[in-house]
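Before I ask anything, let me first share the structure, which is written out below as structure tokens.
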Amino acid sequence: GLARAIRGIAAEVDTASLPGVQDARTESAEDLRWSISEGGGVGFAVGDFGVPQPERGTGKVRILHFFNPSPHPRRETVSATVWDWPGDRKRIEIVDEAGKIVPFQVEPGSDFAFFGKGHYWGHEYFTLSLAGDLPPFGYATYVLRESGIPGPDPKIREPRVEVLDPTVLENEVLRADFDPVTAGLRSLVDKRTGRELLRPGAAAGFRLIDEDDARGMTAWVIGRYMAIEPVADKVRMKPVQGEPGALRQVLEWTARFRGSSLKVAASLAAGSDRLEFNVTCDFRETAVVGQSIPQLNFHAPLGYGCRSYRYDIPFGLIDREPVDMDVPGNSFILGVPGEAGSPALGLVAATKYGFRGVEDGIALTLIRSSHDPDPTPEFGEHRFRFALMAVANPDDRVGLLRTAHDFCHPALPVPGSRHAGTRPGSGSFLSVEGGVFLSAVKLPEGDVSGLGWIVRLYGIEGKDTTALLRFSRPVRSVKPTDLLERPLAASEAAGIRIAGDRVECPVGAFSVLTLRVEFGE
């Protein structure tokens, strides 16, 4: 459904008139006769719960659409897969809908599925990253073409000169220093304040934990930690991929523990406040009844004292006291500094929900093999992604939720083709401003006409506020409803103002507001 919807929008974009696409008319039929790009990549990325990225273009000029699933604008490094491109990669050029040249990089080859280039069912591909500028709940379009001017030759290491391989990832916001022996993260500096976010002398990294199974119900109950050992044995590390100032730098390593193994790609994108980890784990650990439950865990010892730990929960945030047990969060845990206004460090995960905040440290449970009711529930290969996020101002609750939301909902790439259309190269369908966060946008129950939406907001700042919503078309009416979408009394609509495509509405402190928005024909 998601893939079909965004492909339908992309099909309505007028790509034929974009700068650079006109040049494609000079490509002769002979140039395209042997093209095999169409359909390249069917099924690619589906295994990672992503959107399929089959190619729809041909020749040297390609169309790349990126969709933003957030109700606020995003300026970040985005990536797409390009299939069977026949041009010279030294001459690649990316332009936006206005013809402005956009910074990009071709990701180097990799053993990992997350980055690089390779072969897939008779097709060749490479991963292209670019500096994306994405409108809220909208899309942007970029054109890949072959420039007449070749780019600089890549730097080639002199094989007869031995140099020390750096293990540092650094951008304008963060400097991450990894231990070259264990791959533990031994330093993470927030360059905006100069603050070291990790505890001196300690390192953040993966741990193997043995849990006590004395309490039983091991599929539901996480037992007392009996033993903790770092996953730091037999680490094989590749040199950092990407020069300082690159759109993305990547450090990859493999490690073994007992009968299992890890493949890790730690990456830092330009301007990002998140150090991201893409992990493939071949987990071969099994529980022994009456002895222990094996658990894979990521832990970060904080370089400051915590007064509490903050988690996102349905319709809000909650601060909890330190406790030596896993507690749930929708996507993150943040160590709240004892000193007000100080920067903080958090852990955000896309598909994991068990967090632990205790002893000035934050941890995330990744995999654990219980023995009842299933004796081998996690045996096999797993993929997951999480990130350490540096938060300049923990009191900015909206900004904190946006950072976590953007990580968990990455931009969606959709390859396009040349065609006429009714939509411009970029556009936004809805934006939300104010001290609120968006919980849902959906069609009303029983109404698929598209002339009405259900929009659900919640106040996040602990005080009354006003939300500003901007739609892509004029609004005819706005009516508050309950959670079952039944209309509320007329008095509940007090304060709602409509001006064309703009809606202003009051939202109470820590309250949920559901609106039925009707558009004109």
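The values are calculated or read from the model by the stated rules, or taken from the named source; none is laboratory data. This structure is a prediction, so every number in the text was calculated from the model and none was measured. Cβ atoms come from the backbone with ideal geometry, glycine included; neighbour counts cover every protein chain shown. All accessible areas refer to the heavy atoms of the entire protein, side chains included, with ligands and DNA or RNA removed. Shrake-Rupley method; radii C 1.70, N 1.55, O 1.52, S 1.80 Å.
Rank-order 479-490, 321-332, 385-396 by packing density, defined as the average count of other C-beta atoms within 10 Å over each peptide's residues, highest first.
On the way: 479-490: 12.0, 321-332: 16.5, 385-396: 19.9.
Packing order, densest peptide first, comes out as 385-396, 321-332, 479-490.
Round to the nearest 10 and report in Å² the accessible area of Tyr353, as given by a 1.4 Å probe over the protein chains' heavy atoms.
We get 120 Å² for Tyr353.
Count the lysine pairs in the chain whose Cα atoms sit under 26 Å apart, keeping only pairs 8 or more residues apart in sequence or on different chains.
19
On full extension of the chain, what length is gained from Glu243 through Val51, given 0.36 nm per residue of separation minus the C-alpha to C-alpha distance?
Values: separation 192, 0.36 × 192 = 69.12 nm, distance 2.94 nm.
In short, 66.2 nm is gained.
With every protein chain left in place and a probe of 1.4 Å, what is the accessible surface of Asp177, to the nearest 10 Å²?
30
On the accessible surface of the chain, probed at 1.4 Å, how many percent belong to carbon and sulfur atoms? Intermediate values should be presented prior to the final figure.
On the way: 12800 of 24070 Å².
The nonpolar share, carbon plus sulfur, comes to 53 percent.
Then there is this: Show me 404-410, 501-507 ranked by packing, highest mean number of other Cβ atoms within 10 Å first. Let's see the in-between values first.
Numbers: 404-410: 19.7, 501-507: 17.9.
Top of the packing list down: 404-410, 501-507.
In the full protein assembly as shown, how much of Leu468 is accessible to a 1.4 Å probe, in Å² to the nearest 10?
30
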